[in-house]
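Chemist: For reference, the structure I am asking about is given below.
Where a number appears in this text, it was derived from the coordinates with a stated rule and is not lab data. The shown structure was predicted, so the numbers you read here are calculated from the model rather than taken from an experiment. Ideal geometry is used to build each Cβ from the backbone, glycine not excepted, and the neighbour counts take in all protein chains shown.
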Amino acid sequence: MNLAEKILAAHTGRKRVSAGEFVNAKVDIVLGNDITAPIAIKEFQKIGVSRVFDPRKIVMVLDHFMPTRDIASAEIGKMMREFCREQDSVFFEIGKAGIEHVLLPEQGIVLPGQVVIGGDSHTCTYGAVGAFGTGVGSTDMAAAMATGDLWMKVPPTVKFVYHGNLGRWVSGKDLILHTIGDIGVDGALYSAMEFTGEAIDALPMDGRFTMANMAIEAGGKAGLFRVDNRTQLYIKSKAKGPYNVYEPDPDAEYARVIEYDVTGLEPQVAFPHSPANVRPVSQAGGVEINQTIIGSCTNGRHDDLRIAAQILKGKKVHPNVRCIIIPGSQQVYADALKEGFIEIFIEAGAAVSTPTCGPCFGGHTGVLASGERCISTTNRNFVGRMGHPKSEVYLANPAVAAASTVTGRITHPDEIVK
Amino acid sequence: MLKGKVHKYGADVNTDVIIPARYLNIYDPVELAKHCMEDIDEDFLKRVEPGDIVVATTNFGCGSSREHAPMALKAVGISCVIARSFARIFFRNAINIGLPLLESDEAVDNTEAGDIVEVDLSKGEIKNVTRNLTFTASPYPDFMAEIISSGGLIEYTKKRLTSGRV
């Protein structure tokens with residue numbers, strides 16, 4: 001069995017499952033946010049049970065329209081707060097929280113070997129720690145909150161092998177953009193993606209989170225990494241309980257194996273309006289930008305801010321650009337403060353926001369006007385994603401985003417830091 | 001039997017264009033329906049009538065997991081969506097809330113905007129009345145057919161809980 005099959009078999013009480021089978025998998029965590037939880041709560045109330053299956057396994061995070069954008073989002077926050085209080089389930093309040101997919105691994109809630117379902121498509125992020133995380137809708141969330149399990153089709157797995165070494169300024173973001181550019185936005189549709197190879201062995205945890213996070217941008221159901229020493233080191237200080245590590249069998253079956261030699265790979269940029277519309281930064285043609293976003297569940301972690309600070313240190317945000325930097329959680333924010341990153345950002349003329357998903361989905365804190373262009377470390381550049389349907393989003397890693405902030409056009413980081 | 005005129009789209013219609021995120025602090029289907037498809041097809045709301053059918057090529061409903069997308073399509077009166085393929089979260093969400101989806105390459109290739117199409121869900125039969133052509137959609141797996149015949153995931157879950165199948 002491959003990694004996805006191993007984890008799912010363990011959650012169905014069976015020795016073996018294989019791709020294509022329908023199973024009811026036990027879930028370890030059911031996650032909801034302020035977009036998906038309100039409908040889930042309404043639907044849960046229709047099922048006719050008074051209690052969730054296990055309150056410690058239901059986790060709700062306020063992160064999308066939060067801190068509250070308007071009265072409607074305030075009402076949603078109130079509804080979620082009351083539901084969690086009544087059910088005694090896990091709730092993250094503003095000021096003690098962050099973006100769900102940055103927060104849950106950092107808090108030791110998501111652990112290797114788990115099945116995590118979340119009312120958020122980027123729940124696949126948890127594959128970085130060897131958990132089978134997958135996005136669902138609100139009704140799925142509601143049913144799982146009542147029963148503790150969820151119907152699933154065991155996905156076929158596509159194995160990606162990355163040979164070689166990553167160059168300077170090249171990160172997990174570039175590997176995943178390069179991959180999506182190659183296979184397309186439905187290149188891994190209904191499939192689990194398993195990421196391996198020596199470039200992956202050398203990839204820090206934050207880069208792995210970025211890659212797993214964007215598995216959904218290729219249509220993937222999960223984006224999985226094996227648990228290695230880096231994972232163990234990351235988990236050890238955070239885990240509040242025991243966990244299981246699963247390894248793919250040497251004779252595991254894969255629907256496809258795709259190999260890349262990534263030595264010499266440049267930082268990548270996804271042009272509007274698809275994450276698959278990818279070019280190396282040297283071929284980005286110096287597109288002029290109006291805004292930079294550095295943050296999100298994709299690139300709002302410590303390493304991301306460290307790289308942005310390395311580039312922005314002693315530099316200024318270009319007069320035609322506004323730069324918004326959003327630490328992904330209170331912990332990421334506090335660490336960035338201690339290490340001096342925040343001071344660097346403010347001295348450069350960037351706005352630093354409290355953790356939120358805000359601009360990534362065009363909610364608030366960086367919504368674009370007609371005709372404006374943004375370079376962003378987020379995950380989607382669909383029509384209207386960050387605001388006006390005639391605005392444009394270019395996806396890149398934090399180094400490219402920070403370098404472009406200084407020049408006002410899409411720029412290779414080598415141009416700024418020699 | 002479902003019957004309506006066709007609204008046709010291409011590949012990778014994402015949930016951000018089906019219902020833009022700026023409206024996601026709303027979860028009333030009727031209110032969501034007022035903004036359905038507005039970023040991809042400005043005239044959709046003027047043209048759409050109850051019973052109409054959306055036809056698209058591949059990967060329909062990709063992107064965000066928002067259930068607001070199938071909710072808005074259903075509330076605006078769309079009776080079913082026919083595509084070559086669907087993104088998986090959208091597929092689950094639609095089945096779970098009772099918006100029928102059908103997969104058929106031939107039906108998609110031989111149907112244009114404005115055609116009148118009839119769908120017999122029990123047989124998986126798609127008839128293009130305008131062109132007098134009939135197609136058969138891929139059947140649902142038994143497991144999913146049970147969710148559909150129960151009236152969606154909530155009703156199915158109720159049945160599971162009362163029959164002790166949890």
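Chemist: Below 30 Å, Cα to Cα, which lysines can B:Lys159 reach? Residues fewer than 8 away in the same chain don't count.
Modeler: Cα-Cα hits under 30 Å: A:Lys6, A:Lys15, A:Lys26, A:Lys42, A:Lys46, A:Lys57, A:Lys153, A:Lys221, B:Lys74, B:Lys123.
Chemist: How many angstrom separate the Cα center of the range A:3-54 from the Cα center of the range A:175-216?
Modeler: That distance is 24 Å.
Chemist: Could you work out the percent of alpha carbon pairs in chain A separated by over 43 Å, rounded to a whole number?
Modeler: Details: 6470 of 87153 pairs.
Result: 7 percent of Cα pairs exceed 43 Å.
Chemist: Averaged across the residues of B:79-87, what count of C-beta atoms belonging to other chains lies within 10 Å of each residue's C-beta?
Modeler: Values: counts 0, 0, 0, 0, 0, 1, 4, 4, 7.
Taking the mean over all residues of the peptide, I get 2.
Chemist: Mean 1/r over all different Cα pairs, inverted: what Kirkwood radius does the range A:267-418 give, in Å?
Modeler: Details: mean 1/r = 0.0680 Å⁻¹.
This gives a value of 14.7 Å.
Chemist: What's the long-distance tail for the range A:211-340, i.e. % of Cα pairs beyond 22 Å?
Modeler: Beyond 22 Å sits 58 percent of the P(r) for the range A:211-340.
Chemist: Give the span of the range A:31-117's Cα atoms along each principal axis, as three whole-Å numbers ordered largest to smallest.
Modeler: Its Cα atoms span 37, 32, 18 Å along the three principal axes.
Chemist: Further, regarding this structure: In nm, what is the difference between 0.36 nm times the number of residues separating A:Ala351 and A:Glu86 and their Cα-Cα distance? Before the final figure, lay out the partial values.
Modeler: Working: separation 265, 0.36 × 265 = 95.40 nm, distance 3.76 nm.
Difference between extended and current length: 91.6 nm.
Chemist: State, to one decimal in nm², a quarter of the convex hull surface area for the C-alpha atoms of the range B:76-166, i.e. the direction-averaged projected area.
Modeler: Numbers: hull surface 26.3 nm².
Approximately 6.6 nm², given one-decimal rounding.
Chemist: Hey, what did the range A:181-277 get for relative contact order, percent, Cα under 8 Å, at least 6 apart? Could the numbers behind the result be given before it?
Modeler: Values: 81 pairs, mean separation 33.0, N = 97.
Relative contact order for the range A:181-277 comes out at 34 percent.
Chemist: Right, something else. I'd like to compare A:177-186, A:313-322: which one has the highest average count of other Cβ atoms within 10 Å, and what's the full order after that? Don't skip to the end; give the middle numbers.
Modeler: On the way: A:177-186: 22.6, A:313-322: 15.6.
Top of the packing list down: A:177-186, A:313-322.
Chemist: In the range A:90-151, if every C-alpha pair distance is counted and binned at 10 Å from zero, what percent goes to each bin?
Modeler: Bins of 10 Å from zero give 22, 52, 26, 0 percent of pairs.
Chemist: Cα centroid distance between the range B:101-166 and the range A:351-418, in Å?
Modeler: Spelled out, the Cα-based centre of one part sits 40 Å from the other.
Chemist: Quick one: Karplus J couplings for the range A:18-32, per residue in order, coefficients 6.51, -1.76, 1.60, θ = phi - 60°, nearest Hz, x for Gly and Pro?
Modeler: Residue by residue, the range A:18-32 yields 9, 3, x, 6, 8, 9, 9, 9, 5, 10, 8, 9, 10, 10, x Hz.
Chemist: Also, quick follow-up: Give me a single rounded figure for A:265-275: the average over its residues of other chain Cβ atoms within 10 Å of their Cβ. List each step's numbers first, then the result.
Modeler: Numbers: counts 0, 0, 0, 0, 0, 0, 0, 0, 4, 4, 2.
Mean shielding count: 1.
Chemist: Taking beta carbons within 10 Å but only from partner chains, what does the mean come to for residues B:149-162? Intermediate results must be reported in sequence, preceding the final value.
Modeler: Working: counts 0, 0, 0, 3, 10, 10, 2, 2, 14, 6, 0, 6, 6, 1.
For this peptide, the per-residue mean of nearby foreign Cβ atoms is 4.
Chemist: Please state the relative contact order of the range A:98-254 as a whole percent: Cα pairs under 8 Å, 6+ residues apart?
Modeler: Details: 290 pairs, mean separation 48.3, N = 157.
So the answer I get is 31 percent.
Chemist: Rounded, prolate or oblate, given the Cα gyration tensor of the range A:58-102, with a/c below 1.5 counting as rounded?
Modeler: Here the range A:58-102 falls in the oblate category.
Chemist: What is the distance, in nm, between label points placed 7 Å from the Cα along the Cα-to-Cβ direction at A:Ser18 and at B:Thr162?
Modeler: It is 3.8 nm.
Chemist: Binning every alpha carbon pair distance of the range B:1-62 at 5 Å from zero, what are the percents per bin?
Modeler: Here the calculated profile for the range B:1-62 is 4, 16, 25, 26, 21, 7, 1.
Chemist: Between A:Val278 and residues 5 or more places away or on another chain, which pairs have amide H atoms under 5 Å apart, with H built 1.01 Å from N, and which residues are they?
Modeler: Amide H neighbours of A:Val278: A:Phe271.
Chemist: Which value in Å is the Kirkwood Rh of the range A:32-188 over different Cα pairs? Mind dumping the intermediate values first?
Modeler: Values: mean 1/r = 0.0581 Å⁻¹.
With all distinct Cα pairs of the range A:32-188 included, I get 17.2 Å.
Chemist: May I pose another question? So what is the diffusion coefficient of the range A:147-230 in µm² per second by Stokes-Einstein at 4 °C and 1.567 mPa s, using a Kirkwood Rh over Cα pairs? Don't skip to the end; give the middle numbers.
Modeler: Working: Rh = 13.3 Å.
Answer, rounded: 98 µm²/s.
Chemist: Starting from the 7 Å offset along Cα-to-Cβ, what nm value, one decimal, do you get for the label separation of B:Lys34 and A:Asp251?
Modeler: 6.2 nm
Chemist: Ok, one more. Would you work out the Kirkwood radius for chain B? I mean one over the mean of 1/r across all pairs of different Cα atoms, in Å. Intermediate values should be presented prior to the final figure.
Modeler: Details: mean 1/r = 0.0622 Å⁻¹.
Result for chain B, one decimal place: 16.1 Å.
Chemist: How are the Cα pair distances of the range A:205-262 distributed, in percent, across 10 Å bins from 0?
Modeler: The percentages, shortest bin first, are 16, 43, 34, 7.
Chemist: Determine the principal axes of the Cα atoms in the range B:28-120, then give the extent along each, sorted from largest to smallest and rounded to whole angstroms.
Modeler: Dimensions of the range B:28-120 along the principal axes of its Cα atoms: 35, 29, 25 Å.
Chemist: A further question on this structure: Can you work out ³J(HN,Hα) from phi for every residue in the range A:193-202, in order, using Karplus 6.51 cos²θ - 1.76 cosθ + 1.60 and θ = phi - 60°, giving whole Hz and x for Gly and Pro?
Modeler: Ordered by residue, 3J(HN,Hα) equals 10, 10, 9, 9, x, 5, 5, 6, 4, 8 Hz.
Chemist: Extension gain A:Met79-A:Ser237, at 0.36 nm per residue separation less the Cα-Cα distance, in nm?
Modeler: On the way: separation 158, 0.36 × 158 = 56.88 nm, distance 3.34 nm.
Here the answer is 53.5 nm.
Chemist: At 1.002 mPa s and 20 °C, plugging the Kirkwood radius over alpha-carbon pairs of the range A:149-285 into Stokes-Einstein gives what diffusion coefficient in µm²/s?
Modeler: Values: Rh = 15.8 Å.
Result for D is 135 µm²/s.
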